[in-house]
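Read through the structure below, which is laid out as structure tokens, and then see the notes.
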Amino acid sequence: LEYCDSVVVGDAEGVWRQVVRDYEAQDLKRIYHGPATEQDHRAVHDWLLAAPPRVLRNCLETTRGCKFDCSFCCIPALSRGAVRKKPVAEVAALVQRLRDAGQPISLVDNNIYSDPSYARELFTALRPLKVKWAASCSIDIAANEPMLRLARESGCAMLLIGVEIGSASL
């Protein structure tokens, strides 16, 4: 709050319209608490389905949050350990729009492998779409060769993996 006019705590989808209204009325609150409902997420999904592919390609998220509590990462403070998963059918519909527009696909997830069973379902759904995609991921996927193979078969071109190195490391 020392460096900004307002802060949204939690998911912004639930309060974003109010933030915009308050901004337009020049009546911003210092703090907004953003618990989001399924209706809020549905509204965002519907908006993304209608958005131009150039906009959509920068906002395609399948999951939000991470199962880990890494000290170097801000995600644990934002998600508080929860992982929200967008229904795979909704992701496939958005990916189809990008594929049809010939757009590259970058999934903006915090960790696409936070829930291995969800990742398996997602990769299986992406495989027939014949797209290339990239995402952030945790290194634990490397211990699961069948999952890595499925990721590759589904069009995975790159996984960005963050590694925490302690001060005792050489």
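The values are calculated or read from the model by the stated rules, or taken from the named source; none is laboratory data. Since the structure is predicted, the reported quantities are computational estimates derived from the model, not experimental observations. Positions of Cβ are backbone-derived with ideal geometry, glycine not excepted, and every protein chain shown enters the neighbour counts. Note: accessible area is taken over every heavy atom of the protein model, side chains too, but ligands, DNA and RNA are not part of it. Shrake-Rupley method; radii C 1.70, N 1.55, O 1.52, S 1.80 Å.
Taking the solvent-accessible surface of protein heavy atoms with a 1.4 Å probe, what is the per residue accessible area of the chain in Å²? Walk me through the numbers before you get to the answer.
On the way: 10410 Å² over 170 residues.
In whole numbers, the chain has 61 Å² accessible per residue.
Which Cys residues of the chain have no other Cys Cβ less than 4.7 Å away and so no disulfide-compatible partner by this rule?
So far as the 4.7 Å Cβ criterion goes, Cys4, Cys59, Cys66, Cys74, Cys137, Cys156 stand without a partner in the chain.
For Rg and Dmax of the Cα atoms in Å, the listed values are (i) 17.8, 55; (ii) 21.6, 66; (iii) 15.5, 50; which was obtained by calculation from the structure presented?
(i)
Treating the angle as unsigned and between 0 and 90°, give the value, to the nearest 10°, between the Cα long axis of helix 88-100 and the longest Cα principal axis of the chain.
Roughly 80 degrees between the two axes.
Which FRET efficiency, nearest 0.05, do Asn144 and Arg30 yield, Cβ-Cβ r, R0 45 Å?
Numbers: r = 45 Å, r/R0 = 1.00.
About 0.50, to the nearest 0.05.
So how far, in whole Å, is the C-alpha centre of region 1-68 from the one of region 107-132?
Rounded to whole Å, the Cα centres lie 23 Å apart.
Separation between the Asp46 and Ser167 pseudo-spin-labels, each 7 Å from Cα along Cα→Cβ, expressed in nm?
Rounded to a tenth, the inter-label distance reads 5.3 nm.
If I compute solvent accessible area with a 1.4 Å probe over the protein chains, what percent of it on the chain is carbon and sulfur? The partial results should precede the final answer.
Numbers: 5820 of 10410 Å².
Within the chain, the accessible surface is 56 percent carbon and sulfur.
Going by the alpha-carbon gyration tensor, a ≥ b ≥ c the square roots of its eigenvalues, is region 88-142 rounded (a/c under 1.5) or, if a/c is not under 1.5, prolate (a/b greater than b/c) versus oblate? Could the numbers behind the result be given before it?
Numbers: a/c = 2.18, a/b = 1.63, b/c = 1.34.
It is prolate, given that a/c is not under 1.5 and a/b is the larger ratio.
Can you give me the angle between helix 38-50 and the longest principal axis of the chain, using Cα atoms only, in degrees from 0 to 90, rounded to the nearest 10?
70
To the nearest 500 deg cm²/dmol, what mean residue ellipticity at 222 nm is calculated for the chain from DSSP H runs of n ≥ 4 alone, each contributing -39,500 (n - 2.57), summed and divided by the residues?
Details: 7 runs with 64 residues, N = 170.
Computed ellipticity for the chain at 222 nm equals -10500 deg cm²/dmol.
What lysines sit close enough to Lys132 to cross-link, taking a C-alpha to C-alpha distance under 27 Å and skipping anything fewer than 8 places away on the same chain?
Lys67, Lys85, Lys86
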